[in-house]
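Here's the structure, in structure tokens; my notes come after.
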Amino acid sequence: MSNDENRVLIFDTTLRDGEQSPGATMSHQEKLEIAGLLDDMGVDIIEAGFPIASEGDFAAVSEIAKNAKNAVICGLSRANFKDIDRCWEAVRHAKAPRIHTFIGTSPLHRAIPNLTMDEMAERIHDTVTHARNLCDNVQWSPMDATRTEWEYLARVVDIAIRAGATTINIPDTVGYTAPNESADLIRRLIAEVPGADEVVFSTHCHNDLGMATANSLAAVAGGARQIECTINGLGERAGNTALEEVVMAMKVRHDIMPYATGIDSTKIMNISRRVATVSGFAVQFNKAIVGKNAFAHESGIHQDGMLKNAETFEIMRPEDVGLAETNIVMGKHSGRAALRSKLSDLGYHLADNQLNDVFVRFKALADLKKEVFDDDLIALVTDSTATD
Ligand code: KIV
Ligand code: ZN
């Protein structure tokens, strides 16, 4: 275990930002189930919803707050007293509640409520102060931080800290930033904003350019100690940072990213499958860590290597993410060694001449199908031994 300085908090927002993806709505029961799984796997903070958004969201956040065993339960609220009060009403049932309040600070987002820079600064001061009077754990986010002018961002972060925010989250709302910028921004905020060392800096990345995981890890290198993420990277547009990716990256490459989380990685596969089912968002086959092919091998060279030493083509063990074993897929690229091993697993130990015969017919069949299943192999062997 690394020292506390290297402990990175995992803030999961599957039930808030993840559920905001069009079509990903989950039922009340499903949300409670996912929250229970997140709590069990060691997520530090669960963002359970946006209580003012609907009666359903309010009810789900309240019940998740009542049931949580270890995790801090957080709700989202815009920068107004009504939202913040409603959020507090829902999260206050938790053993450890958090209010998360945000406002868009970039020029594009400032234009929407039509506030001047000074008016927005005042709003931030007043709303964070209000939240802090209700709850001693307050997170503040300048939405679209990565497209906000540096001077203004530093000014409003300073105001939020003085008003009592305990976590400052820096969102890359539209997935615009790049890893070097992500690290530099956090590093500079920590170095230049007075009081920055009294709060936790957090990173919240979207994946519009496919850089959410890299940007989140770069932010940690820059000093962030909370990563906001979702299971399977569920989230609006191209999604959010995927929890399983940042957790496994820090575990597998601990040599260059010496950070620790509280996540039990063996619970990853189960929650990934449950989130895919309840959200209706299937996981792409080649998705890192949790895709169907992430631990599958079809080519002969890879299968042969895997049979001799799994580290030849796998940098993590399947059991470390909760998968029983590597999947050796029999197809037209498979070789004789994999066929022999597969048949032996199925209970058939063939002499060389029999294996040669089955191999020829296996290749002919594999040319006609995407995958040759165990039953196909059994039929080939039975056929071969019957004609002997
Ligand atoms: O992407 C974003 O900016 C958000 C904020 C509400 C934190 O989800
Ligand atoms: Zn977001």
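Where a number appears in this text, it was derived from the coordinates with a stated rule and is not lab data. Computed from a predicted model, the values in this text were never measured in an experiment. Using ideal geometry, Cβ is built from the backbone for each residue, glycine included, and neighbour counts are taken over all protein chains shown.
So how do W140, W150 line up by other beta-carbon neighbours within 10 Å, fewest first?
Working: W140 29, W150 11.
Sorted ascending by nearby Cβ count, the order is W150, W140.
Based on Cα coordinates alone, diagonalise the gyration tensor for segment 166-239, multiply each eigenvalue by 5, take square roots, and list the semi-axes in whole Å, largest first.
22, 12, 9
Mind jotting down the distance between the C-alpha centroids of segment 96-135 and segment 260-329, whole Å?
Comparing the Cα centres of segment 260-329 and segment 96-135, I get a distance of 41 Å.
Calculate the radius of gyration of the Cα atoms of the chain to one decimal place, then report Dmax, the largest Cα-Cα distance, as a whole number, both in Å.
25.0, 89
Please check: in the Gaussian network model of the chain (C-alpha springs, under 10 Å), which one of T177, T116, T326 has the largest mean-square fluctuation.
For the chain, modelled as a Gaussian network with Cα springs under 10 Å, the answer is T116.
Counting pairwise Cα distances across segment 192-294, what percent come out greater than 20 angstrom? Kindly include the intermediate steps, with their values, before the conclusion.
On the way: 2111 of 5253 pairs.
Within segment 192-294, distances greater than 20 Å cover 40 percent of Cα pairs.
Considering every pair of different Cα atoms, what Kirkwood radius, in Å, is found for segment 1-95? All intermediate terms of the calculation are to be shown ahead of the outcome.
Working: mean 1/r = 0.0742 Å⁻¹.
Kirkwood radius, segment 1-95: 13.5 Å.
Too long at a 26 Å Cα-Cα cut-off: which of K251/K292; K292/K369; K308/K332; K267/K369; K292/K342? Spell out each step's value before the answer.
On the way: K251/K292 21 Å; K292/K369 18 Å; K308/K332 20 Å; K267/K369 33 Å; K292/K342 19 Å.
The answer is K267/K369.
Cα centroids of segment 153-223 and segment 342-388: how far apart, whole angstrom?
Each part's Cα centre sits 57 Å from the other's.
Report, ordered by chain and residue number, the aspartates and glutamates lying within cross-link reach of K69, taken as a straight Cα distance under 18 Å and ignoring same-chain residues fewer than 8 apart.
Cross-link targets: D12, E30, E33, D39, D40, D44, E47, D264.
Against the longest alpha carbon principal axis of the chain, how many degrees, from 0 to 90 and to the nearest 10, is the axis of helix 117-134 turned?
80
What does the highest-first list of 340-348, 55-63 look like by mean Cβ count within 10 Å?
Working: 340-348: 15.3, 55-63: 19.7.
Result, highest mean Cβ count within 10 Å first: 55-63, 340-348.
So how tilted is helix 352-366 from the main axis of the chain? Cα-based, degrees 0 to 90, rounded to 10.
Tilt of helix 352-366: around 50 degrees.
Once the piece of chain linking R188 and K369 is laid out straight, how much longer is it, given 0.36 nm per residue of separation minus the C-alpha distance between them? Don't skip to the end; give the middle numbers.
Details: separation 181, 0.36 × 181 = 65.16 nm, distance 5.57 nm.
Roughly 59.6 nm would be gained on extension.
For q values of 0.16, 0.18, 0.22 Å⁻¹, compute log₁₀ I(q)/I(0) with the Debye formula on a Cα-only model of segment 228-361, without solvent.
Result of the Debye calculation: -0.88, -1.01, -1.28.
Can you compute log10 of I(q)/I(0) for segment 122-253 with the Debye formula, treating each Cα as one identical point scatterer, at q = 0.14, 0.22 Å⁻¹?
For the requested q values the scattering log ratios are -0.59, -1.26.
Using a Förster distance of 45 Å, how high is the FRET efficiency between N286 and T25, based on the Cβ-Cβ distance and rounded to 0.05?
Details: r = 26 Å, r/R0 = 0.59.
The computed FRET efficiency comes out at 0.95.
Could you tell me what % of all Cα pairs in segment 1-44 have separations over 11 Å? Working shown, then result.
On the way: 668 of 946 pairs.
Above the 11 Å cut-off, segment 1-44 has 71 percent of its Cα pairs.
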